[in-house]
Amino acid sequence: MAWYIKPTMLEDLAIVGGLIIVQFMYAGNTILMSYIMTLGISPFTIVIFSTFATFLLLSPAAVYFERKNWPQRLSLKLVLQLVLISIAGVTLFQTLFLKGIKLTSPAMATAMPNLAPGLIFVIAWTVRMEKVDLNCLHSKVKILGTLLCVGGALTMSLMHSTAPVKEAAKGTSSVSPAMMFDREKIVGCMYLLAAVFVLSSSIVLQAITLVDFPVPISLCAITSLIGVVITAIVQFIQEHKLDFGWEFGFAHIVGYSVLGGLFGGATVSFNGWAMKKRGPVLVSVFSPISTVISVIFTAVTLGDTIDIGSLAGMILMFCGLYFVLWAKRKETYSNSLKSEFDAEKPLLS
């Protein structure tokens with residue numbers, strides 16, 4: 001009996017396998033960025049080079065696949081939306097995220113973005129893009145999941161910031177409240193939380209923009225280029241110079257940037273394709289994998305450990321994430337059934 005694999009099964013395998021590879025790439029990129037910053041390279045410099053590399057890599061694909069769908073003219077509203085996405089999604093998010101990695105660890109940096117679905121739900125609810133009915137089970141579960149995500153993130157941040165102090169205080173008889181927390185790591189966690197909030201706001205704005213500008217690759221390429229210019233301006237204002245890290249070697253800077261840009265462009269493009277094929281819920285389900293990879297990799301290579309409190313916070317965050325995703329999936333399925341069996345809908349439409 002000959003074995004026959006259906007095309008849909010092959011596509012499912014390709015999507016699942018690709019999403020797992022994407023999480024490896026995401027974790028690897030986070031660890032790479034952490035390593036680059038240990039060399040003394042400024043976060044602004046990393047953002048400028050890696051984002052410009054993303055623009056160069058995505059532009060040919062945007063021209064080839066999406067040129068026919070480009071709008072005939074750019075309205076003032078669209079230009080403002082592109083600039084806001086560039087400021088939030090490129091300059092603010094990446095700078096805050098890199099500063100957070102520098103002060104904490106790659107494991108924390110890959111765990112925090114799991115807050116995004118919950119925060120996106122709250123932001124979308126605030127701007128009335130998401131309907132909430134407190135009598136509906138799905139809405140209650142989404143709210144509960146969001147609270148679990150936030151609680152898990154705060155628990156992980158607090159436990160992570162006390163870990164080194166606990167080790168240092170083993171030989172002391174008493175520890176003052178001021179010495180209980182590592183101030184640097186608390187600041188790093190705040191950077192990461194702020195980065196995820198900015199990213200969530202940017203994603204909501206992207207969803208609004210894609211209605212009138214339905215070209216996701218072009219959107220990513222254009223906002224990357226605008227983000228490079230804005231980041232360079234911010235660096236010049238803050239540091240009174242444009243530091244391109246030439247002292248570390250031009251070849252090294254370009255190599256790291258192209259690698260980071262390749263990782264970023266590949267993950268964004270594949271996630272976009274997977275979302276189009278199977279929806280955003282399936283893509284989001286795989287996001288905790290990168291955290292697990294980072295924890296294992298940093299433990300093996302750098303000797304970092306994660307304490308029980310941080311692990312508990314991580315598990316809370318993952319539970320909250322899956323609660324939100326489950327409720328969103330059930331709600332989407334319920335709405336599709338309602339629209340399918342709408343009494344006012346023509347039967348032959």
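Criterion first (surrounded by fewer than 16 Cβ atoms within 10 Å (Cβ to Cβ) and assigned to a loop (DSSP other than H, G, I, E, B)) does Gly40 satisfy it? Before the answer, list the steps.
Details: surrounded by fewer than 16 Cβ atoms within 10 Å (Cβ to Cβ): yes; assigned to a loop (DSSP other than H, G, I, E, B): yes.
When the stated conditions are applied, Gly40 passes them.
So, of the residues in segment 106-135 that are surrounded by fewer than 17 Cβ atoms within 10 Å (Cβ to Cβ) and polar (S, T, N, Q), which turns out to be nearest to Asn29 (Cα to Cα)?
Taking the candidates together, the pick is Thr126.
May I ask you to say which residue of Leu92, Leu57 is open to solvent by 20 Å² or more (accessible area, probe 1.4 Å), assigned to a helix (DSSP H, G or I) and modelled with pLDDT under 90?
Leu57
Of the residues in segment 209-228, how many are open to solvent by 50 Å² or more (accessible area, probe 1.4 Å) and under 19 Å from Trp273 (Cα atoms)? I'd like the intermediate steps shown before the answer.
Taking segment 209-228 first, the residues open to solvent by 50 Å² or more (accessible area, probe 1.4 Å) are 210-212, 214, 216, 222, 225.
Okay, now just the ones that are also under 19 Å from Trp273 (Cα atoms), so 210-211, 214, 216, 222.
So the count comes out to 5.
I'm checking my understanding of the structure. Among residues of segment 285-306 that are over 16 Å from Tyr35 (Cα atoms) and modelled with pLDDT under 70, which one is least open to solvent (accessible area, probe 1.4 Å)?
Ile306
Kindly provide the set of residues from segment 64-78 that are open to solvent by 70 Å² or more (accessible area, probe 1.4 Å) and part of a helix (DSSP H, G or I), ordered by number.
The answer is Tyr64, Phe65, Arg67, Lys68, Asn69, Leu76, Lys77.
Please specify each residue of segment 271-282 satisfying the condition of being modelled with pLDDT of 70 or more and either buried (at least 18 other Cβ atoms within 10 Å of the Cβ) or acidic (Asp, Glu) (or both).
Residues satisfying the conditions are Asn271, Ala274.
Quick test of your reading of the structure: Gln81 fulfils all but one of (1) open to solvent by 60 Å² or more (accessible area, probe 1.4 Å); (2) within 29 Å of Asp212 (Cβ to Cβ); (3) not β-branched (Val, Ile, Thr). Name the failing condition by number.
(1)
Do you know which of the residues in segment 226-270 that are in a helix (DSSP H, G or I) and of a type in the set (Asp, Glu) is modelled with the highest pLDDT?
Result: Glu239.
The values are calculated or read from the model by the stated rules, or taken from the named source; none is laboratory data. Just so it is clear, the model here is predicted, and its values are computed rather than measured. Counting neighbours? That spans all protein chains shown, and the Cβs are built from the backbone with ideal geometry, glycine included. Ligands, DNA and RNA are excluded from the accessible area calculation, which covers all protein heavy atoms including side chains. Shrake-Rupley method; radii C 1.70, N 1.55, O 1.52, S 1.80 Å.
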